[in-house]
Amino acid sequence: MLTLDRLVLREIRLTLREPFRISSGEVRERRIILCELFDRDGAQAWSECVVDDEPNYSPETLDTAWPTLVRVLAPRLLGRAIDAPGDVHDRLDRDVRGHNMAKAALEMGMWGLAATKAGVPLARLIGGTRDRIATGISLGIQRDVHALIQRAEAAIAEGYNKVKIKIAPGHDVDWVRAVRTAVGEEAHLMADANNAYTLADADRLAALDDLGLMMIEQPLAWDDLVRHAELQRRLRTPLCLDESITSLDRAQDMVTLGAGRIINIKPGRVGGFTASLAIHDYCEQMGIPVWCGGMLESGIGRAYNVALASLPNFTLPGDLSPSARYWAKDVVTPEWTMDAEGMVRVPLDRPGIGVTVDTDHLARITVRTEELRA
Ligand code: OSB
Ligand code: MG
């Protein structure tokens, strides 16, 4: 039994060590919402809302999520007993359209709280089976092709098991080919377009077929499955959908339409762990591999991603870079690290989310807080 008694929302600012540029925008400083959840019994857990400042990845932003959490979502949980965290999704979802990232922040926090209360690692609570997760890096669009080659070579030397190259018209086939030539045939490479293309670019995208990519992520519009299906028919390289998969239904639609062959699961995008687990299980049945994407999370959001990626059908390396790739100083102790084989360890020796939050550091980077009570 869980009863959310108190919720503290906090906006923090974390400056990236270097700007991260994708086809639809650039981010230098992350504005992050952290949630601190308290159970009636006194147990406590942290969670993170993965919205960004600008609506260039999804329609949500920090400034839509905050009031939605306060006015719409939190009142559905505060002071109301629930049997299990698996019940939270439906309670938040009923008659509330969209706002998946806001829902996910609370929903995942309730999973974190349940794990803490039960004294078990979050990964175990959800049925995770791995103790190490293969990690990939997502490289933003670079200044020029030389910078990209250098970044890709460095990532492979560091041990990363996959290099994802952000592409956009003007920085695509030639750039990816140059990286392939530099790193050799064996390296696991993929491209992510964040919606930068239309079906009119199908021939251009088909030129990527000769470069041995593991997959091409979300080349077409964020909410379009039908045209992805048409494009997939014209490509040998598997398409992987990110932005388009916002629920189990959309995952089923992808398979029915043949709109992609791989799914990047980001729990924030689908409304939390319950939907992520459902998509994971469905994809496992259908022979669709999944991997865990990232949203430049702090170490708190990363804890949830690592736990999720420990499930058996997360067979491809996730965008789960260590803390130091993003931040001069993360908000958690210990910080997330990666070994020389490019693996991140699942903290199975600790209950809950497996990391401690550095509250002194947090106090210095917090710009507002709001406390809600049952
Ligand atoms: O498309 O996967 C994406 C970051 C922000 C928004 C969208 C995406 C990304 C990434 C970063 O690729 C992955 C990471 O957190 O390292
Ligand atoms: Mg993506």
- [ ] Being hydrophobic (A, V, I, L, M, F, W, C) and either surrounded by fewer than 22 Cβ atoms within 10 Å (Cβ to Cβ) or in contact with a Lys or Arg (Cβ under 7 Å, 6 or more places away or on another chain) (or both) narrows it down to one of Ala104, Ala81, so name that one.
- [x] Ala81
Open item on the list: Consider the stretch 217-273. How many of its residues are aliphatic (A, V, I, L, M) and within 15 Å of ligand 1 (Cβ to nearest atom)?
Closed with: 9
Open item on the list: From the list Ala202, Ala187, exactly one residue is free of Cβ contacts under 8 Å to residues at least 40 places away in the same chain, in the same structural domain as Gly159 (by TED's automatic domain parsing), over 30 Å from Ala157 (Cα atoms) and more than 16 Å from ligand 1 (Cβ to nearest atom). Which is it?
Closed with: Ala202
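Of the residues Thr256, Thr237, Thr181, which single one is assigned to a loop (DSSP other than H, G, I, E, B) and surrounded by fewer than 23 Cβ atoms within 10 Å (Cβ to Cβ)?
Of the residues listed, the single one that is assigned to a loop (DSSP other than H, G, I, E, B) and surrounded by fewer than 23 Cβ atoms within 10 Å (Cβ to Cβ) is Thr237.
Quickly run through the stretch 284-307 and pick out the residues that are at positive phi and either in a helix (DSSP H, G or I) or of a type in the set (A, V, I, L, M, F, W, C) (or both).
Residue satisfying the conditions is Leu296 alone.
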- [ ] Report yes if Glu243 is within 25 Å of Val357 (Cβ to Cβ) and not in a helix (DSSP H, G or I), otherwise no.
- [x] no
Task: Residue identified as away from ligand 2 (no atom under 15 Å from the Cβ) and crowded, with 18+ Cβ neighbours inside 10 Å among Leu199, Leu213, Leu208, Leu139 - done: Leu208
Task: Test result for Ile156, at pLDDT 95 or above, open to solvent by 20 Å² or more (accessible area, probe 1.4 Å) and within 24 Å of the chain's Cα centre (by Cα) - done: yes
Open item on the list: I need the full set of residues from the stretch 270-296 which are open to solvent by 10 Å² or more (accessible area, probe 1.4 Å) and either within 14 Å of ligand 2 (Cβ to nearest atom) or basic (Lys, Arg) (or both), in order please.
Closed with: Gly294, Met295, Leu296
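The values are calculated or read from the model by the stated rules, or taken from the named source; none is laboratory data. Just so we're clear, the structure is a prediction, and the values are computed from it rather than from any experiment. FYI the Cβ positions are ideal-geometry reconstructions off the backbone, even for glycines, and counts take in every protein chain you see. Areas reflect the complete protein model, heavy atoms only, side chains present, ligands, DNA and RNA absent. Shrake-Rupley method; radii C 1.70, N 1.55, O 1.52, S 1.80 Å.
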